[in-house]
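Structure, as structure tokens:
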Amino acid sequence: MKYEQLPNYSSGNVSQDLQILERLLMMNGYFPIYAHLTRRDLDIPVVRVIIPRLEMMPVLDTFSNFNKGQFKNYLKITEV
């Protein structure tokens with residue numbers, strides 16, 4: 001399927017778009033977990049959302065904690 005063929009759920013309103021996304025995820029059995037990370041001293045709203053079973057692989061660098069099996073699977077899914 002090409003990118004252009006994917007449905008566009010954008011409403012032009014970020015809050016509504018997030019509600020639509022959350023509803024679509026939950027309808028498909030994915031339940032977001034929210035962590036409020038705003039620091040009072042900075043007063044910048046920050047939220048981290050984790051969706052179990054949809055986590056992305058972390059960036060691989062010298063500090064990554066991967067075993068050989070995980071790295072082998074990573075290489076399989078990134079093959080072009």
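The values are calculated or read from the model by the stated rules, or taken from the named source; none is laboratory data. Small disclaimer: the values here were computed from a predicted structure and weren't measured. We place every Cβ from the backbone using ideal geometry, glycine too, and count neighbours over all the protein chains shown.
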Just a yes or no: is a residue in the range 52-64 under 24 Å from residue 18 (Cβ atoms), modelled with pLDDT of 85 or more, part of a loop (DSSP other than H, G, I, E, B) and touching a helix residue (DSSP H, G or I) at 6+ places or on another chain (Cβ under 8 Å)? no
Working only within the range 1-22, note down all residues that are among the charged types (D, E, K, R) and surrounded by 11 or more Cβ atoms within 10 Å (Cβ to Cβ). 17, 22
(1) under 21 Å from residue 55 (Cβ atoms); (2) surrounded by 10 or more Cβ atoms within 10 Å (Cβ to Cβ): which one isn't true of residue 28, the others all being true? (2)
Any chance you could count how many residues in the range 31-49 are surrounded by fewer than 11 Cβ atoms within 10 Å (Cβ to Cβ) and assigned to a strand (DSSP E or B)? 8
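Kindly indicate the residue of the range 2-25 that is among the hydroxyl-bearing types (Ser, Thr, Tyr) and assigned to a loop (DSSP other than H, G, I, E, B) and also farthest from residue 50 (Cα to Cα) among those meeting that condition.
The initial filter retains those residues of the range 2-25 that are among the hydroxyl-bearing types (Ser, Thr, Tyr), namely 3, 9-11, 15.
Add one more test, that the residue is assigned to a loop (DSSP other than H, G, I, E, B), and what stays is 9-11.
Details: 9: 21, 10: 21, 11: 23 Å.
The residue in question is 11.
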